[in-house]
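Structure first, then comments.
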Amino acid sequence: MDIHSSITLAVVVLFFWQSLKYGAWQWFWASIVIWLAAAWFSAELLPRVMGVTHAANLYLAHAYILPASVFFWVNHVQKQPDAQEYCSTAGPMLTYFAQSLLAMHCALALTAATTYAIFPDGFSVYVAAALGAFYMQPALWWGMTLWLMAMAALAHWAWNTGAVVVRARQIIVLSVLAFALQAAFIVLDLKQRFQAFL
């Protein structure tokens, strides 16, 4: 088992454990259904090359968990009646996980949009390839997500709130941090690709 499969499996087991602990079953099972649908589609698209149980289908676990997180946002994030805050009932780890995963995908979309806006002709193809390479590297993706989760936990500790509070500005700050990390990865990847031409 390679490092990407090991890390993805560890994240899925941790996600399962936290879902079991806090009753986030809809989120977990929706992720499984999306994974099975994507695996079936890849098996139909590439028969005898990429079956339902192929390890590459697990590399995109973050792509399956994000759309299913709508169940987290609907079922476990509730507005406090006496305040303008939203609190999570799913515990800190699942909350930081959902926030960080959303921030990573927002940053990915921002990176793609910014690149296309700056370089609409030609150069964005190389960046798109680098973004695709980044998206398909679970070790890197989950490492950055874990770092963002640590930043969210640090903010929770600094604000000294008892309940796990979900704030829009916290997701925005996490998205900016993720954007900086992803942009650094893209620059380093492009530098490595074009090193031969320099």
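Laboratory data are not the source of any read-out in this text; all were calculated from the coordinates shown. In this text the structure is predicted, and so the values were computed from the model without any measurement. Heads up, the Cβs are rebuilt from the backbone with ideal geometry, glycines too, and the neighbour counts pull from every protein chain shown.
A few remarks follow.
- Rounded to the nearest 500, the helix-only mean residue ellipticity at 222 nm of the chain stands at -24500 deg cm²/dmol, with each DSSP H run of n ≥ 4 adding -39,500 (n - 2.57).
- Helix 123-135 and the long axis of the chain differ in direction by around 50°, with both axes built from C-alpha atoms.
- Annotation: peptides 169-175, 114-120, ranked by per-residue average of other Cβ atoms within 10 Å with the highest first, follow the order 169-175, 114-120.
- Extension gain, A56 to A129: 0.36 nm times the residue separation minus the Cα-Cα distance gives 24.6 nm.
- Computed log10 I(q)/I(0) for region 3-197 at 0.08 Å⁻¹: -0.30, from the Debye equation with unit scatterers placed on every C-alpha and solvent omitted.
- Cβ-derived FRET efficiency at R0 45 Å, V187 paired with K21, nearest 0.05: 0.70
- Computed packing ranks the peptides 2-13, 57-68, 72-83 as 57-68, 2-13, 72-83, most packed first, by mean other Cβ atoms within 10 Å.
- If you model region 34-76 as an ellipsoid using its alpha carbon gyration tensor, with each semi-axis the square root of five times an eigenvalue, the axes come out at 26, 9, 6 Å, biggest first.
- Listed residues Q99, Q84, Q137, most fluctuating in the chain (Gaussian network, C-alpha, under 10 Å): Q84
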